[in-house]
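The values are calculated or read from the model by the stated rules, or taken from the named source; none is laboratory data. For clarity, every value in this text was computed on a predicted model and none was experimentally measured. All Cβ positions, glycine included, derive from the backbone under ideal geometry; neighbour counts span all protein chains shown. These accessible areas exclude ligands, DNA and RNA; they are computed on the full protein's heavy atoms, side chains included. Shrake-Rupley method; radii C 1.70, N 1.55, O 1.52, S 1.80 Å.
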Amino acid sequence: MNDLRAIAGALQQSRKVIISGHVMPDGDCVGSVAALGLALTQLGKEVTMALPDPVPEIYLFLPGAADFAIGESALTVDYDTFMVLDCSVPERLGVLRALLERRLTVCNIDHHASSHHFADYNYIDPQAAATAEIVQDLCALLGARITPEIAACLYAGILTDTGSFQYENTTPDTHRRAAALIECGAPAVMINIQIYEQKPLAHLKVLAAALPTLRLSPCGRVAWMSVTRELLASLGAKDEHVNGLINYARSVRGVEVALLFREIAPGRYKVSFRSKEAVDVNRLAARFGGGGHVRAAGCVLEGDLDRLQVRLVEAAVEAVKVSEA
Ligand code: 5GP
Ligand code: MN
């Protein structure tokens with residue numbers, strides 16, 4: 001069943017709703033949770049906007065984002081409905097996965113091609129550029145008014161998941177949706193400045209320290225970088241300051257696949273995958289237990305950094321060859 005109306009119906013029956021996105025939240029995740037939270041509050045529901053990990057500083061300006069319940073603090077309350085947004089697998093709920101063990105009505109709204117149907121109601125649309133687009137449709141089904149605050153959150157989700165309307169998930173429909181949100185009062189210029197022109201200095205320091213790790217495969221089609229815990233600690237930087245780094249590896253001329261290895265715990269690496277125009281990195285990441293989208297995916301692996309790099313770079317080079325055959 002892939003019916004957004006059924007989810008709207010379930011929400012109409014609900015009273016106490018918790019909304020969450022995924023670990024290491026991005027702009028679509030924060031924007032979607034905040035937008036739906038504001039809409040349901042407007043409709044008279046008791047709402048908790050939650051996330052397993054803290055909201056990255058660059059998204060704290062979004063209406064509602066500063067009020068999120070983070071991590072286990074969201075588990076102390078009783079709810080009747082659990083809305084899971086932008087989260088393809090239960091594992092990516094982090095500590096909030098515990099809510100799946102309770103007798104709640106669970107709704108999963110997502111746009112990942114690799115999304116699992118783990119909820120009572122699942123609405124998965126891989127054609128949607130962002131989960132925020134689906135939340136926009138859900139707000140319409142619920143009869144919620146798109147206030148400037150809700151519009152700002154939805155716009156931020158679409159802006160970030162389309163790489164500022166540059167990636168191939170951007171369609172004429174994406175632009176029409178963005179236009180409608182600006183008409184509802186989303187401050188597009190301010191949002192762009194907040195997200196892309198107000199970076200914490202630590203972000204640029206991580207970039208400067210990570211660029212020397214950039215390597216290119218002999219064929220020139222795969223580029224990769226790494227960020228260790230030691231490097232982050234030496235700069236006083238946080239995990240969120242690593243976000244976006246992988247775009248530099250992908251931007252190298254001739255590169256089709258970029259990989260970023262970031263150590264999230266000692267010996268545990270989050271690997272990000274990006275491709276430019278040919279390789280399906282969702283499939284590539286799936287071979288290592290992860291997933292995502294055709295042009296952006298990820299997985300988590302344990303082991304020795306050098307060995308992991310050799311394994312994944314080899315697999316990426318092979319995937320490029322297959323795509324060119
Ligand atoms: P990022 O590299 O920006 O963290 O993630 C890129 C895309 O891959 C996102 O759409 C994200 O949901 C997905 N992704 C990232 N890490 C994982 C993971 O460990 N498992 C799965 N299934 N998907 C992931
Ligand atoms: Mn998304």
statement: Of the conditions (1) farther than 27 Å from LEU204 by Cβ; (2) open to solvent by 10 Å² or more (accessible area, probe 1.4 Å), the single one that VAL55 does not satisfy is (1)
message: Among the residues of segment 314-325, what is the count of those that are touching a Ser or Thr at 6+ places or on another chain (Cβ under 8 Å) and either closer than 13 Å to ARG287 by Cα or surrounded by fewer than 12 Cβ atoms within 10 Å (Cβ to Cβ) (or both)?
response: 1
message: I'd like the full set of residues that are away from ligand 2 (no atom under 16 Å from the Cβ) and either at pLDDT below 95 or open to solvent by 50 Å² or more (accessible area, probe 1.4 Å) (or both), limited to segment 81-92.
response: GLU91
- prompt: Taking segment 105-127 only, how many residues are open to solvent by 10 Å² or more (accessible area, probe 1.4 Å), among the aliphatic types (A, V, I, L, M) and in contact (Cβ under 8 Å) with a residue 40 or more places away in the chain?
  reply: 2
message: Given (1) surrounded by fewer than 18 Cβ atoms within 10 Å (Cβ to Cβ); (2) among the β-branched types (Val, Ile, Thr); (3) in a helix (DSSP H, G or I); (4) within 16 Å of ligand 1 (Cβ to nearest atom), identify the lone condition not met by VAL206.
response: (1)
- line: Considering residues that are more than 18 Å from the chain's Cα centre (by Cα) and either crowded, with 22+ Cβ neighbours inside 10 Å or within 16 Å of ligand 1 (Cβ to nearest atom) (or both), the number found within segment 159-180 is 1
message: Is it the case, given these coordinates, that PHE68 is closer than 25 Å to ALA202 by Cα and open to solvent by 50 Å² or more (accessible area, probe 1.4 Å)?
response: no
message: Being assigned to a helix (DSSP H, G or I) and more than 15 Å from the chain's Cα centre (by Cα) narrows it down to one residue among VAL95, VAL17; which is it?
response: VAL95
- prompt: Can you find even one residue in segment 44-65 that is in contact with a Gly (Cβ under 9 Å, 6 or more places away or on another chain), in a helix (DSSP H, G or I), at pLDDT 95 or above and on the phi > 0 side of the Ramachandran plot?
  reply: no
message: It is to be established whether one or more residues within segment 283-296 are away from ligand 2 (no atom under 16 Å from the Cβ) and closer than 17 Å to LEU214 by Cα.
response: no
statement: Of the residues in segment 23-48, those that are charged (D, E, K, R) and either more than 16 Å from ligand 1 (Cβ to nearest atom) or closer than 20 Å to LEU75 by Cβ (or both) come to LYS45, GLU46
Subset of segment 250-293 (residues that are outside any strand (DSSP E or B), under 23 Å from HIS116 (Cα atoms) and either at pLDDT 95 or above or among the aromatic types (Phe, Trp, Tyr) (or both)): VAL279, ASP280, VAL281, ASN282, ARG283, LEU284, ALA285, ALA286, ARG287, PHE288, GLY289, GLY290
message: What's the number of the only condition in (1) touching a residue at least 40 places away in the same chain (Cβ under 8 Å); (2) in contact with a Gly (Cβ under 8 Å, 6 or more places away or on another chain); (3) over 30 Å from VAL135 (Cβ atoms) that SER217 fails to meet?
response: (2)
- prompt: Looking at ASN192, is it open to solvent by less than 50 Å² (accessible area, probe 1.4 Å) and either within 23 Å of SER32 (Cα to Cα) or within 13 Å of ligand 1 (Cβ to nearest atom) (or both)?
  reply: no
statement: Apart from one, (1) under 30 Å from ARG145 (Cα atoms); (2) free of Cβ contacts under 8 Å to residues at least 60 places away in the same chain all hold for GLN194; the odd one out is (2)
Residue that is of a type in the set (A, V, I, L, M), open to solvent by less than 20 Å² (accessible area, probe 1.4 Å), more than 16 Å from ligand 1 (Cβ to nearest atom) and outside the structural domain of GLY244 (by TED's automatic domain parsing), where the choices are ALA152, ALA140, ALA156: ALA152
- prompt: Among all residue pairs at least 6 apart or on different chains, which show Cβ distances below 6 Å where the first residue, located in segment 244-255, is of a type in the set (A, V, I, L, M) and the second is open to solvent by less than 40 Å² (accessible area, probe 1.4 Å) and within 16 Å of ligand 2 (Cβ to nearest atom)?
  reply: ILE246/SER272
